[in-house]
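What follows draws every value from the coordinates through simple rules; no lab data is involved. This one's a predicted model, so the numbers in the text were calculated from it and none came from an experiment. So basically every Cβ, Gly included, is an ideal-geometry build from the backbone, and we count neighbours across all protein chains shown.
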Amino acid sequence: SLVTALFGRVASVICDMAKPYADRKLAAGGRRAVETYDIASVLMHLENGIAGTLQVNRSAWGRKGRIAIQIFGSKGSILFDQERMNEFQLYLTSDRPTEQ
C-alpha cells in the first residue's frame, strides 16, 4: 500500500465505517439497498512509532475523486494534492511565520 511504501509497515488499525444512505435510486427507476460502506475513519499506528489518520468519503458532495496526503512532523509538514499533482507544498518551522 501507499502508506507502507512511504512510511513503513502498519502495526495496528482502528476503523469506523458508515453507510449514510439505506438505499439509492437506480437509473432505470426504482431503488436498491446500499450494500457497501461510503465513509471510513481510520486511526493507525506503524511499527516505527508513526501514528496516522485516514479519512475516506465516497458520498460527500464536492470534489470528484480527490486524493490528498499531508504529513506533519516536528520540523514542518508536506502536502501532496492530486489536484495540483506537479508540486509538493512544504512548510518548515524554521520559515518566517508569514511563509508558513
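Between the entries [x] -0.68, -1.25, -1.33; [y] -0.43, -1.14, -1.37; [z] -0.37, -1.16, -1.54, the label attached to log10 I(q)/I(0) by the Debye sum over Cα atoms at q = 0.13, 0.22, 0.25 Å⁻¹ calculated for this structure is [x].
Determine the sum of side-chain charges near MET44: Lys and Arg each +1, Asp and Glu each -1, restricted to other residues whose C-beta is under 13 angstrom from that of MET44. The partial results should precede the final answer.
Numbers: positive: ARG9; negative: ASP16, GLU47.
Neighbour charge sum, excluding MET44 itself: -1.
Label 7 Å along Cα→Cβ of VAL3; the stretch 55-84 residues with amide nitrogen under 16 Å? Within reach of a label on VAL3: 55-57, 68-72.
At full extension, HIS45 and ILE78 could sit 9.9 nm farther apart than now, given 0.36 nm per residue minus the alpha carbon distance. Listing MET85, MET44, MET17 from fewest to most neighbouring C-beta atoms within 10 Å gives MET85, MET17, MET44. Take the Cα of GLN70, step 7 Å along the line toward its Cβ, and report every residue of the stretch 37-61 whose backbone nitrogen sits under 19 Å from that point. Correct set: 40-44, 51-58, 60-61.
Comparing GLY52, GLY29, GLY76 in a Gaussian network model of the chain, where Cα atoms under 10 Å apart are tied by springs, the biggest mean-square fluctuation is seen for GLY29. Stretched out straight at 0.36 nm per residue, the stretch from GLU35 to THR53 would grow longer than its current Cα-Cα span by 4.0 nm.
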